[in-house]
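Data first, discussion second: the structure below is written as structure tokens.
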Amino acid sequence: MPDEEIQTLNRPPAATSSAVRTHPAAPHAAPKWLGPVLIVGIVLAALNLRPAITSLGALFEETRTGLHMSGTVAGLITSVPALCFAVFGVTAPRLSRRFGPAAVVCAGMAAVAAGLLIRPFATNAAGFLAASALSLAGIALTNVLLPVIVKRWFPDRVGTMTGLYSMALAAGTSLAAAATVPLTSALGGSWRTGLLVWAVLAAAAVLPWLPIAAAGRREKAAAPAAVREDTGPSVIRSRTAWALACYFGLQATGAYVTMGWLPQIFRDAGVSASAAGVLLAVTMVMGVPLAFVIPGLAGRMRHQGPIAVVLGLFGLAGYLGLYLAPAAGAWAWALLLGISNCAFPLVITMIGLRAKSPAGVVKLSAFAQSTGYLISIPGPLVIGTLYQHSGGWDLPLALMAGLLVPQIALGVLAGRDRTIEDECGMRN
């Protein structure tokens with residue numbers, strides 16, 4: 001295992017416990033309960049990182065009708081997630097330095113729960129959009145800081161823990177997409193009730209983070225001022241940071257295009273609407289087991305580029321299949337694209353491996369994710385425009401396949417065995 005994966009701010013052995021590593025300045029070992037509670041908190045937080053989006057997607061037509069949304073407003077709502085992830089994610093490093101990453105994640109989960117609780121009661125599109133933005137702000141902060149939590153408290157298990165929460169994230173995404181409509185029907189048929197039910201899961205995620213945040217505050221108070229004020233390297237000068245950001249953006253583009261347009265591609269090829277929905281679910285479910293396997297494998301490798309190449313080749317095969325025989329090989333293409341979309345847990349793992357300290361990870365995570373989400377915003381809109389004006393899927397599919405070429409190259413660059421501190425001339 002490379003040194004960069006296990007360095008922990010030069011903390012002495014006496015300051016650690018077998019379950020969880022603590023801050024180097026902590027005067028005593030972390031409480032025994034912290035490790036298990038952290039694992040539960042990480043899993044519950046990850047489960048809540050996408051239901052706010054995919055549950056709305058399942059009931060979007062009913063929500064539009066119920067709130068009398070115009071087409072413009074509806075289009076704005078579909079673009080809001082990536083925009084919020086980019087805008088609010090930038091604030092994570094400053095908030096983490098001020099309050100500690102655990103406290104910010106706790107507040108983020110509370111924001112997710114509050115937004116999901118408020119938005120079903122909105123009486124107009126503006127209120128619904130504001131409540132959704134509140135949830136998405138909490139998700140954005142948690143997106144950025146979960147890799148930091150893993151690096152800080154599980155520095156020698158970055159791959160395993162990243163795999164665990166990536167798997168939970170994929171499971172939450174698939175669960176909300178598949179269960180929202182049946183739950184809505186079982187609870188009376190109102191779209192408001194169908195959206196409200198996900199606030200319960202978000203509220204449950206807040207509970208373990210309350211004691212974790214308290215422990216983090218005690219640790220922060222005990223740390224020397226020099227450690228507390230560590231801001232990490234200037235990531236904008238790192239070529240690896242830019243490679244990670246652009247790789248993140250291209251993989252997010254592919255994921256959003258898949259979630260938004262894959263059912264339509266199959267339906268235009270003659271596949272029934274119900275079967276097209278199942279095929280999308282298959283694509284999303286592929287992320288559950290692979291999201292656990294890939295980070296663990298990546299954490300044991302010195303260079304993660306080969307994994308990026310393999311995932312990109314699966315995507316190229318999937319797009320080629322959709323181009324040549326979309327209906328005849330529909331199940332195969334759905335599986336191939338599902339595997340390709342597992343570039344997300346790979347890039348999250350690389351964020352944890354490409355920085356030596358938690359301060360470096362938080363800056364790298366914020367930069368890579370915020371920049372990446374900004375890059376991904378035009379993708380689904382461009383694909384929709386090409387589809388409308390070309391009258392088919394040949395040109396959009398060619399574009400998506402073409403974008404996989406620079407994505408593979410960027411994955412190779414981002415996967416090299418180096419850290420942003422080394423590139424910026426900092427010494428640990």
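The values are calculated or read from the model by the stated rules, or taken from the named source; none is laboratory data. Keep in mind the model is a prediction, meaning the values are calculated, not measured. Backbone-built Cβ (ideal geometry, glycine too); neighbour counts: all protein chains shown. Areas reflect the complete protein model, heavy atoms only, side chains present, ligands, DNA and RNA absent. Shrake-Rupley method; radii C 1.70, N 1.55, O 1.52, S 1.80 Å.
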Roughly what would the spin-label model give for L381 and A214, points 7 Å off Cα along C-beta, in nm?
-> 4.6 nm
Shape call for the range 23-163 from the C-alpha gyration tensor, a ≥ b ≥ c root eigenvalues: rounded (a/c under 1.5), prolate (a/b greater than b/c) or oblate?
-> prolate
Percent of Cα-Cα pairs per 10 Å bin, from 0 to the last occupied bin, for the chain, please list those.
-> 5, 23, 32, 25, 12, 3, 0
Estimated 222 nm signal from helices in the chain, with DSSP H stretches of n ≥ 4 weighted -39500 (n - 2.57), rounded to 500 = -25000 deg cm²/dmol
Full-stretch length increase - K32, L395 - with 0.36 nm per residue and alpha-carbon distance subtracted = 125.0 nm
Accessible carbon and sulfur surface of the chain relative to its total accessible area, %, 1.4 Å = 68 percent
In a Gaussian network model of the chain with springs linking alpha carbons closer than 10 Å, the residue among F314, F121, F88 that fluctuates most is F121
Helix 34-47 sits at what angle to the longest principal axis of the chain, using alpha carbons and giving 0 to 90 degrees rounded to 10?
-> 20 degrees
The range 129-206-the range 364-389 distance, computed between alpha-carbon centres (Å) | 21 Å
For the chain, the longest principal axis of the Cα atoms and the Cα long axis of helix 394-414 enclose an angle in degrees, to the nearest 10, of 10 degrees
FRET efficiency, A126 to S185 (Cβ-Cβ, R0 30 Å, nearest 0.05) = 0.60
Computed E for W331/L413 - FRET, C-beta separation, R0 25 angstrom, nearest 0.05 | 0.15
Along the chain, longest interval not containing exposed trypsin sites (Lys or Arg not before Pro), exposed being DSSP loop plus at most 13 other Cβ atoms within 10 Å | 33-299
Dividing the mean separation of Cα pairs under 8 Å (6+ apart) by the residue count of the range 43-134 yields a relative contact order in percent of 32 percent
Only Lys, Arg, Asp and Glu count, each charged at its Cβ (+1, +1, -1, -1), so figure out the dipole size of the range 279-428 about its Cα centre, rounded to 20 debye.
-> 440 debye
GNM result for the chain, Cα springs below 10 Å: residue of T123, T349, T142 fluctuating most strongly | T123
Among A414, A203, A113, residue whose mean-square fluctuation peaks in a GNM of the chain (springs only between Cα atoms under 10 Å) = A203
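Leaving out ligands and nucleic acids, note down the accessible area per residue over the chain with a 1.4 angstrom probe, in whole Å².
39 Å²
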